[in-house]
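Input: a single structure, listed below in structure tokens.
Values in this text are rule-based calculations from the coordinates and carry no lab data. Being a predicted model, the structure only gives us computed values, none of them experimental. Glycine gets a Cβ as well: all are built from the backbone with ideal geometry, and neighbour counts include every protein chain shown.
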Amino acid sequence: MAAIDLQGVTRQFGAKKAVNDISLSVPDGEFLVLLGPSGCGKSTLLRMLAGLESLSGGQILLDGRRIDQLPPSDRDMAFVFQSYALYPHMTVRRNITFPLIMRQHRWWFHVPGISHLAKRRIERSPAVRDLVDRTAAILALTPMMDQLPKTLSGGQRQRVALGRAMVRKPQVFLMDEPLSNLDAKLRTAMRAEIIKLHGAVGGTFVYVTHDQIEAMTMGSRIALMRDGVVQQFGTPREIYTNPVNTYVARFIGTPPMNLLRATADQGALRFGPLVLPFIRATAQAELLAGIRPSAIALTPAGEPGTVAGEVAMVEHIGAESLITVRMRDVRTGHEEDGGGGTEVMATEAGYSELRPGTPVGLRLDLSDAVLFSAGTGERLAA
Amino acid sequence: MSAAAAMAGRRGWTHGLRLLTVLLVLLGAGFPLYWMFVTSLTPSAALFAVPPHVWPSWSELGVYTEAFRTIPVGRWLRNSAVIAAGTTVLSIALAIFPAYALSRFQFRGAGLVGLGLFATQMLPEAMLVVPLYAIFGQFGLLNTLAGLILANTAFTVPVITWMLKGAIDGVPIDVEEAAKIDGCTRIGIVLSIVLPLVAPSLAAAAVISFFHGWNEYVLATTLISDEALRPASVGLASFVGELSTPVHSVMAVGLIYTVPAVVFYLFVQRYVVAGMTAGSVKG
Amino acid sequence: MTPGPAPDAGAERWTPYWFIAPLALYLLLFQGVPLVQEAGLSFTATSLLSPREHVFVGLDNYRNLLDGSDFHAVLATTAVYTVACVVLSILLGLGVALLLDAPFRGRGVARALVTVPWAAPPVAVALIFVWIFNAQYGVFNFVLRSVGFAAGRENWLDTPELALPAVLLTTIWQIFPFAAVVILAALQGVSAELKEAATIDGADRLSIFGAVVWPTIRPSVALLSLFLTIWSIRRFDLIWLMTQGGPIGATETLVIKLYRDGFVYRDLGQAAAVGMVGVVVALAVTAVYFHFTRRAERAAGA
């Protein structure tokens, strides 16, 4: 059991709280993704798990054992850096073997002369050599074992970094945006590799990224963070279908959920002049209706039961088209527009023939809509 | 050391140990100059006392003005200043255009020039002073400040050139290209555009060449025998180890001679290091 | 760093050469010509008193050097002095640089103050250290005696076995700040992430130094060693002022012997021969340095 328990974990720099009182329980074998924009505290939290940053408050437990006072090498965790942090003057083989050598290192090894010999002996011992060779084979690194990191490509270096982590057989793998330095195509390939690795190796993975697609495809659980606080902690499906606040709603999904200002009115929702029946409407007067772009259909202008609007922009991405529509009598509650914008995004399959400036009607499908308080942004209980 | 351990160390004993060691190092680095100061302010009766005085006797400050009376300090310092200033002006004047050329142009022989500059660093002044003495004698340059300046410059200018080259390397080339399109001559570009942009390094180079000239001893002592032209380095050297001139006066003179060099160098040292480490990247 | 464009064909083809010409001429005149003259002088017997009259003596001056046993002593002294200076000042400089690398209050001031010895004029340094090493009144002996060392009674600069250590101490005091500053600058280039990775892998401080820090700063330290070595072979002022190469040649390095031969014994020809040997030694050292750096680069897969 390698369950991670964060209890009230806080990290303070002067007056600023980079990580603010975070409590999470991560079951064993989970692929936890820490997701969020730059500066939200996800990397800091990861480094606190590793022992590279100390805690200002709270504690961290691994398997029920308190580890936040332990030095990094005693926590049975491996860390993969964004820049891989491979030892540039060592071969791939030595890079992967290094943690194993350090494990058997004694203080007297520092006596000049003994150091080199002792390290060679450990490197050559059958147990170590075997483990390193097997790890390299899993990661397809065998042909380059005697090369230096600078001669390897980005993807290969990443695998060496993974190998160095794997060889320690840790209970927890910590990864700090390992795919950010790779180009898009390579990133997709490595995503699959890492998921496969998780399946093969077991153990708990904690993975930091700002890319919500990575989070959604790789994670078994996502913790979305903002300004040091966890906004929502759940499976990708939960987060997608039931975002807990408007921030989460707008962070996940490409394009993200639209938030239309509406008022509730006896089992119906009023969008400007348009009233639509909505069983789950609450008594709350001012609210934001979260409607996915796929739930907005575009009709010719003037059709009954639609919101009036005008096409602002059309983007064709191949399998579908993203259409930005400026609504006439309805406002949105998007933070980026200052809370009073009028633009929503709709998707249409295939290549849309719509042109900017065309008046259209928006037919809203409210079956999967999520309601949020206009004031606090919190989801309203359905 | 992990960040976590560093945090602990900040409040722990390793931090205290570090501070203590740094203090000891600074003490060692500063002691001789401090001792020079204390000795200059020790009353003559106590100069040869055992145990030696550790603290300066402020009442003895008069020794500084006294020294000017008995020792031709004023004349020495003036000569030193003239030599140093002359070396500075000549070195910088000679170094500017080659530094620019080495930085901006790729031409055949550039490597050779770089190598040549490096090679000059290997020749000891004490060796070249022998033929220089002979040559200067022939041309009547012995016993002249001008001659000494000419000789000093030869040893200073390679370092200055390298420093300025490094500084010019750091200036983006766009401004120059704009000026070229506007019809500026290359020389005009160097003088009115590039030079102002490397002003700090230029100032540092000036300070360094000044003190090369100020500190210089071998050439000065060999090429100049006229007492009236003697610089402070040679004058002071005549007191090293001899005890007939009051030690405190000598130390006072020594301190007056040393302080400008130390003070100015404090302002300038990071440019020197930058030049050195830049060169280490495949000099 | 912006490398310059190739000069436009025609108009500016000769510009770089014009720019360099004055300096090249100057150096040829004030260093090149004397060097050639020096070489020429070394094959003659010329007196300081009449420097224009030369008597050609072929290799006599050089033969004197090889025959005289004291020249071997001079070479040995030079070697000992140089190696001790370079090794000890780099070790000390490394230690100080590591000390000054971690953050602490007043670090900026400390970094600036530690360079003071390097800034002091050699003449002043010789002046104060000779006083410090004075047998009866010097504070060095006073401290030694207070702690109980009998060596506190010695006349350091006048005793053959002790003169070189005293001069070494003075020299290292002067040059270690330079080593410290250069190494400190090199330490800034060490990746913090790499050190963290090593920490996580279980490396202790010394292992981190060996696996991460040292490989990164090694090129800078190598170049530093080259400069320090050349400067040590060249160093004249401090040694001459403190001991003039004595007592009985205990501190007589190549350069000291050169000056002594030329200006004390007035034999310019002999001095020139010593000088040429010095140049050859310096060139040999540089060649060795470049050979080893090339080899290191090739091994690292450059």
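The aspartates and glutamates whose alpha-carbon is closer than 16 Å to the alpha-carbon of residue B:180, local same-chain residues fewer than 8 away aside, are C:8, C:12. If we count every other residue with Cβ under 15 angstrom of residue A:179's Cβ, Lys/Arg +1 and Asp/Glu -1, where does the sum land? Here the count lands on +1. Between B:187, B:168, B:71, the GNM of chain B built on Cα springs shorter than 10 angstrom shows B:187 fluctuating the most.
Placing +1 on the Cβ of every Lys and Arg and -1 on the Cβ of every Asp and Glu, with nothing else charged, gives the stretch C:1-159 a dipole about its Cα centre of roughly 680 debye.
Treating the protein assembly as shown as a set of equal point scatterers at the Cα positions, no solvent, please give the Debye-formula log₁₀ I(q)/I(0) at q = 0.06 Å⁻¹. Summing over Cα pairs of the protein assembly as shown leads to -0.64. The HN-Hα couplings worked out from phi for the stretch A:247-254 by the Karplus form 6.51 cos²θ - 1.76 cosθ + 1.60 (θ = phi - 60°) are 4, 4, 4, 7, 7, 8, x, 10 Hz, whole numbers, x standing for Gly and Pro. Cross-link partners for residue A:119 among the lysines, with Cα-Cα distance under 25 Å and sequence neighbours closer than 8 places in the same chain left out: A:150, A:169, C:195. Remark: the stretch A:256-373 carries a charge dipole of roughly 280 debye about the Cα centre, counting +1 on each Lys and Arg Cβ and -1 on each Asp and Glu Cβ.
Taking the charge dipole of the stretch A:256-373 about its Cα centre, with +1 at Lys and Arg Cβ atoms and -1 at Asp and Glu Cβ atoms, the residue from A:330, A:291, A:279 reaching farthest to the positive side is A:279. Under 5 Å between amide hydrogens, built in the peptide plane, is the criterion, and for residue A:77 it picks out nothing among residues at least 5 positions away or on other chains. The separation of the stretch C:104-157 from the stretch C:158-228, counted between C-alpha centres, amounts to 23 Å. In whole Å, how far is the Cα centre of the stretch B:200-275 from that of the stretch B:81-131? For the stretch B:200-275 versus the stretch B:81-131, the Cα centre distance is 21 Å. Counted over all Cα-Cα pairs of chain C, pairs farther apart than 36 Å make up 36 percent.
Over chain B, DSSP H runs of length four or greater, each weighted -39,500 (n - 2.57), average out per residue to a 222 nm ellipticity of -24000 deg cm²/dmol. Of all the options C:176, C:263, C:149, the one that moves most in a Gaussian network model of chain C with Cα springs shorter than 10 angstrom is C:149. Within the same chain, lysines fewer than 8 places from residue A:17 are excluded, and of the rest, those with a Cα less than 19 Å from its Cα are A:42.
For residue A:271, the residues 5 or more places off, or on other chains, whose built amide H falls under 5 Å of its own are A:276. Phi angles of the stretch A:301-308 translate, via the Karplus equation with coefficients 6.51, -1.76, 1.60 and θ = phi - 60°, into HN-Hα couplings of 4, x, 5, x, x, 10, 8, 7 Hz per residue; Gly and Pro are given as x. Helical content alone sets the calculated 222 nm signal of chain C at -21000 deg cm²/dmol, taking -39,500 (n - 2.57) per DSSP H segment of four or more residues and averaging over every residue. Phi angles of the stretch C:186-196 translate, via the Karplus equation with coefficients 6.51, -1.76, 1.60 and θ = phi - 60°, into HN-Hα couplings of 5, 5, 5, x, 7, 6, 5, 4, 5, 5, 5 Hz per residue; Gly and Pro are given as x.
Near residue C:122: Cβ cut-off under 10 Å, other residues only, Lys/Arg at +1 and Asp/Glu at -1. The net charge is -1. Between B:87, B:70, B:144, the residue with the greatest mean-square fluctuation in the GNM of chain B (Cα pairs under 10 Å linked by springs) is B:70.
Dipole of the protein assembly as shown computed with +1 at Lys/Arg Cβ and -1 at Asp/Glu Cβ about the Cα centre; of C:293, C:244, B:249, farthest Cα towards the positive end is C:293. Per residue, the average separation of C-alpha pairs within less than 8 Å and at least 6 apart gives chain A a relative contact order of 15 percent. Per residue, the average separation of C-alpha pairs within less than 8 Å and at least 6 apart gives chain B a relative contact order of 30 percent. Its DSSP H runs of at least 4 residues, each contributing -39,500 (n - 2.57), put the calculated 222 nm mean residue ellipticity of chain A at -7500 deg cm²/dmol, to the nearest 500. Ranking C:110, C:225, C:61 by how far each Cα lies toward the positive end of the dipole of chain C (charges on Cβ) leaves C:110 at the top. Using C-alpha pairs below 8 Å separated by at least 6 residues, the relative contact order for the stretch C:50-156 is 10 percent. Computed about its Cα centre, the charge dipole of chain C is approximately 420 debye, with only Lys, Arg, Asp and Glu carrying charge at their Cβ.
Percent of alpha carbon pairs in chain B separated by more than 25 Å? Before the final figure, lay out each step's value.
Details: 24384 of 39903 pairs.
Tail of P(r) above 25 Å: 61 percent of Cα pairs.
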